[in-house]
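The values are calculated or read from the model by the stated rules, or taken from the named source; none is laboratory data. Given the structure is predicted, the values throughout are model-derived calculations rather than measurements. Every residue, glycine as well, gets a Cβ built from its backbone with ideal geometry; the counts of neighbours run over all protein chains shown. Please note that ligands, DNA and RNA were not included when accessible areas were found on the heavy atoms of the full protein model with its side chains. Shrake-Rupley method; radii C 1.70, N 1.55, O 1.52, S 1.80 Å.
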Amino acid sequence: MKSFTPPNRILLGPGPSNVHLRVLEAMSKPTIGHLDPKFIELMDEIKELLKYVFRTKNEVTFAVSGPGSVGMETCLVNLVEPNSKVLVCINGVFGGRMKSIVDRCGAEPIELKVSWGRAIDPNLFEDTLKKNKGINVCSFVHAETSTGAKSDIKTLTEIAHKYNCLVIADTVTSLGGIPVLIDEWNIDVSYSGSQKCLSCPPGLSPVTFNERALEFIKSRKTQVQSWFMDLNLILSYWGGSSKRAYHHTAPINSLYALHESLLLLKEEGIENSWKRHKTNGEKLVEELEKIGLKPFVIEDERLPQLTAVTVPEGIDEAKVRKSLLDDYNIEIGAGLGELAGKVWRIGLMGYSSNEENIKACVGAIKNIFGK
Ligand SMILES: *Cc1c(COP(=O)(O)O)cnc(C)c1O
């Protein structure tokens, strides 16, 4: 055995996205202690930078140690008490995952199922809240990475608040790629992931909680089911400006990377990043249509950072992906769940969202089809 040398891939799947050299370099800096005053300074800067990308003033904004799924579970276990009712919107894989977590919390998930590839319908959402009394938390996915559909979480939040519910918004694939305005839209709780439009290696999940959500967590009658994810305990390490205490050993070098990737985003300007994702997403669809490929999601509900493409009749979709990877060093995603074998998922997330990548990918697909 010898040291591992990864190939140089162009990552155009549903995440991870390519990582900027500056971020990789940041990761290779010397490890220091998780309570070193210099490290605490870095944590404070990360909190500031995350507030910038989430567009929030929420004091409780930090990065959970773990991938997006851990962020998802953290938000749910803190807000969901046993025997409570939670409205879970399911229009793809990730809504389904939220439902399983709600089940495991001992609560009752009220499911709102929407066709895969479509946004969550606000009218159906309101009907579900009207018909089912006693729901106190609603959860939904902003950018459903399994289908490429975008939901209007601003409107969903407005409706949920009319019925006195707290909302949990999954912004794993949206954060950094399309507007996510936590304060303006009044989102109570949200979690994201480091490896999608933030272009950082996987393993960290930015989260944010507003005052309303914190009040609720403080007044819970039961203790949070998870020790590791109990916000009251995590905040002894990440919280406030007072003394920080050991909770778990933070992934030091991963946090160096997150800091650098957020800094890159700040330097570009978040609005510019949204614009870049939009322009490149539209360009990709335009180029795909030129070679006869059709986007799976209607234009109004389509994400620019993740395009699901319908696999044409008679094409072996796995063979195309294999050739892209083996012959062109390009990774794209397969369909998940219901959409397995039916679509490809092409991501233009974060640092991966650029014109050269669109040319390389569409050019390679054209070549493969030509053979
Ligand atoms: C990727 C993703 C997740 C899960 O993130 P992991 O880092 O893979 O655990 C959750 N929700 C959405 C919408 C995602 O795209």
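Residue by residue, here is whether (1) part of a loop (DSSP other than H, G, I, E, B); (2) within 18 Å of the chain's Cα centre (by Cα); (3) at pLDDT 95 or above holds:
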| site | (1), (2), (3) |
| --- | --- |
| C138 | no, yes, yes |
| K154 | no, yes, yes |
| N164 | yes, no, yes |
| V167 | no, yes, yes |
| T173 | yes, yes, yes |
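How many residues are closer than 30 Å to E184 by Cβ and touching a helix residue (DSSP H, G or I) at 6+ places or on another chain (Cβ under 7 Å) when one looks only at segment 23-42? Within segment 23-42, residues that are closer than 30 Å to E184 by Cβ and touching a helix residue (DSSP H, G or I) at 6+ places or on another chain (Cβ under 7 Å) number 2. Where helices (runs of 4 or more DSSP H) fall wholly inside segment 210-307, the ranges with 2 or more residues that are small (G, A, S) are 252-268, 270-290. Within segment 40-60, can one find any residue that is modelled with pLDDT of 95 or more, closer than 21 Å to L214 by Cα, more than 16 Å from the ligand (Cβ to nearest atom) and in a strand (DSSP E or B)? Checked segment 40-60: at least one residue is modelled with pLDDT of 95 or more, closer than 21 Å to L214 by Cα, more than 16 Å from the ligand (Cβ to nearest atom) and in a strand (DSSP E or B). Residues of segment 292-299 include none that is open to solvent by less than 40 Å² (accessible area, probe 1.4 Å) and free of Cβ contacts under 8 Å to residues at least 24 places away in the same chain.
Given the structure, is E215 away from the ligand (no atom under 16 Å from the Cβ) and modelled with pLDDT of 95 or more? Yes, satisfied.
Does R345 meet the test of being closer than 18 Å to G281 by Cα and modelled with pLDDT of 95 or more? Taking the combined requirement at face value, the residue satisfies it.
The set of residues in segment 139-186 being away from the ligand (no atom under 12 Å from the Cβ), more than 17 Å from T128 (Cα to Cα) and touching a Pro at 6+ places or on another chain (Cβ under 8 Å) consists of I178 alone.
In segment 83-98, what residues are open to solvent by 30 Å² or more (accessible area, probe 1.4 Å) and under 17 Å from the mean Cα position of the chain (by Cα)? Correct list: V93, F94, R97. Contact map, segment 92-104: residues that are under 13 Å from G68 (Cα atoms) paired with residues that are surrounded by fewer than 20 Cβ atoms within 10 Å (Cβ to Cβ), Cβ distance under 6 Å, separation 6+ or inter-chain. No pairs are found. Sub-6 Å Cβ pairs linking a first residue in segment 16-37 that is farther than 16 Å from L262 by Cβ to a second residue that is outside any helix (DSSP H, G or I) and of a type in the set (G, A, S), at least 6 apart or interchain, are H34/A250, ordered by first then second residue.
Restricting attention to segment 304-315, the residues that are modelled with pLDDT of 95 or more and open to solvent by 60 Å² or more (accessible area, probe 1.4 Å) add up to 0. Restricting segment 24-51 to residues that are charged (D, E, K, R) and touching a strand residue (DSSP E or B) at 6+ places or on another chain (Cβ under 8 Å) leaves a set whose member that is nearest to A245 (Cα to Cα) is K47. Cβ-Cβ contacts under 7 Å between residues 6 or more apart (or on different chains), taken from a first residue in segment 220-247 that is open to solvent by less than 30 Å² (accessible area, probe 1.4 Å) to a second residue that is small (G, A, S), are listed as Y237/A245; H247/S236. Residues that are within 11 Å of the ligand (Cβ to nearest atom) and either in a loop (DSSP other than H, G, I, E, B) or of a type in the set (K, R) (or both) within segment 187-197 comprise S192, G193, S194, Q195, K196, C197, listed in sequence order.
Against the definition (under 19 Å from A63 (Cα atoms) and in contact (Cβ under 8 Å) with a residue 24 or more places away in the chain), how does D152 come out, yes or no? Here the answer is no, as D152 does not meet what is asked.
For G117, the conditions (1) part of a strand (DSSP E or B); (2) open to solvent by less than 10 Å² (accessible area, probe 1.4 Å) all hold with the exception of (1). Screening L124 on (1) within 15 Å of the ligand (Cβ to nearest atom); (2) over 21 Å from S69 (Cβ atoms) shows it passes everything except condition (1).
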